[in-house]
1. Taking region 26-43, which residues are over 16 Å from residue 197 (Cα atoms) and either away from ligand 2 (no atom under 16 Å from the Cβ) or assigned to a strand (DSSP E or B) (or both)?
2. Give the residue, chosen from 47, 51, that is within 16 Å of ligand 1 (Cβ to nearest atom), free of Cβ contacts under 8 Å to residues at least 24 places away in the same chain, surrounded by 14 or more Cβ atoms within 10 Å (Cβ to Cβ) and closer than 26 Å to residue 196 by Cα.
3. Say whether the condition of being closer than 23 Å to residue 23 by Cα and either within 13 Å of the chain's Cα centre (by Cα) or surrounded by fewer than 20 Cβ atoms within 10 Å (Cβ to Cβ) (or both) is met by at least one residue in region 163-183.
4. Quick check: is even one residue across region 62-85 within 27 Å of residue 142 (Cβ to Cβ), in contact (Cβ under 8 Å) with a residue 24 or more places away in the chain, within 16 Å of ligand 1 (Cβ to nearest atom) and assigned to a helix (DSSP H, G or I)?
5. Take region 1-25 and flag every residue that is in a loop (DSSP other than H, G, I, E, B) and within 16 Å of ligand 2 (Cβ to nearest atom).
6. Quick one: which residue in 116, 151 is under 19 Å from the mean Cα position of the chain (by Cα) and either loosely packed, with under 15 Cβ neighbours inside 10 Å or away from ligand 1 (no atom under 16 Å from the Cβ) (or both)?
7. Might you check whether a residue that is within 16 Å of ligand 2 (Cβ to nearest atom), closer than 24 Å to residue 177 by Cα and surrounded by 18 or more Cβ atoms within 10 Å (Cβ to Cβ) occurs anywhere in region 100-109?
8. Restricting to region 69-87, count the residues that are exposed (fewer than 14 other Cβ atoms within 10 Å of the Cβ) and more than 10 Å from ligand 2 (Cβ to nearest atom).
Ligand code: ADP
Ligand code: ADP
C-alpha cells in the first residue's frame, strides 16, 4: 500500500539528509506509528506519501503508483485516495463545519445532492452530529480536530495520514481522538500517524517505525514508544 525503497531526502541548503536510505512497507489496513525526536524526519515521510516532497534518491510507491513517474496532472487525483490531518487542524475559519467538510467534495466536483448526503454522514461518524452550522472558533480543540478528520474522510480515502494530531489537545481529548483514529482503522482505512505521545503508542501496541536523524532505527510489528528491538 505504501512502500519506501531506500529513500534519501536532502533539502536544499541543509547539511545532513532529512531521511537516509529509509526502507519500509505498510500493508493495507495497518495502523502505523511514526515516532522519533523532533527533526528526525517524520513529517518528511508523510509529505512524501502525499507527494508534497520527492526523494533525492530512492523510490516511494503509494497505492501502486510510483510517485516518481506520477505526472503532476495526476497528483490531485492521486491525493483523493489519501486523507491528511495535522496538529493545527487547518480549518477554514470563516466557513461553517458543514462547509469545511463540503469543500473537500466541492473541489472534486461532487454533486450538491451527494454533498448534502455525505457531509452529515461523516459528521455523525466523527461524533459531530448537529454541529454543522458552527464556526470552528465556536468548537473545542477536540471538536475542531474531529472536523478535520471528517474532512479527511469524506472522500473515503484508503489511507489516512496524521501528523501529531493530538499535539494541541489536552490529554482527555487526545484519548478521544486516538479512539476515533483506531475506529477508523478498524473499518479498513490504513492509518499512519506521527506522534510524540508515548502513552498511546505503548497502549495500542501497533506497528512502530522509529526514526533518528533521518535513519530508520526500529520497525516493530507490535511495539511501544521506547522499546528496543
Ligand atoms: P519531524 O517531523 O520528525 O520533526 P521533519 O521531517 O520535519 O522531522 O524534519 C526532518 C529534518 O529536515 C529536520 O532537520 C528539518 O529541519 C529538515 N527540514 C524539514 N523540512 C524542511 C524544509 N522544507 N527545508 C529544509 N529543511 C527541512
Ligand atoms: P478513481 O478511483 O478516482 O477512479 P484511480 O485510482 O483509477 O481513480 O486513478 C486515479 C488517477 O491516478 C487517475 O488519473 C489514473 O490515471 C492515475 N493512476 C492510476 N494508477 C496509476 C499508476 N500506476 N501510475 C500512474 N497513475 C496512475
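1. Result: 26, 27, 29, 30, 41.
2. Going through 47, 51 in turn, just one is within 16 Å of ligand 1 (Cβ to nearest atom), free of Cβ contacts under 8 Å to residues at least 24 places away in the same chain, surrounded by 14 or more Cβ atoms within 10 Å (Cβ to Cβ) and closer than 26 Å to residue 196 by Cα: 47.
3. yes
4. no
5. Within region 1-25, just 1 meets the criteria.
6. Working: 116 fails: under 19 Å from the mean Cα position of the chain (by Cα).
Matching residue, one of 116, 151: 151.
7. The answer is yes, given that some residue of region 100-109 is within 16 Å of ligand 2 (Cβ to nearest atom), closer than 24 Å to residue 177 by Cα and surrounded by 18 or more Cβ atoms within 10 Å (Cβ to Cβ).
8. Of the residues in region 69-87, 1 are exposed (fewer than 14 other Cβ atoms within 10 Å of the Cβ) and more than 10 Å from ligand 2 (Cβ to nearest atom).
Values in this text are rule-based calculations from the coordinates and carry no lab data. Remember, it's a predicted structure, so these values are computed and weren't measured experimentally. Positions of Cβ are generated from backbone atoms using ideal geometry, with glycine treated the same way; all protein chains shown enter the neighbour counts.
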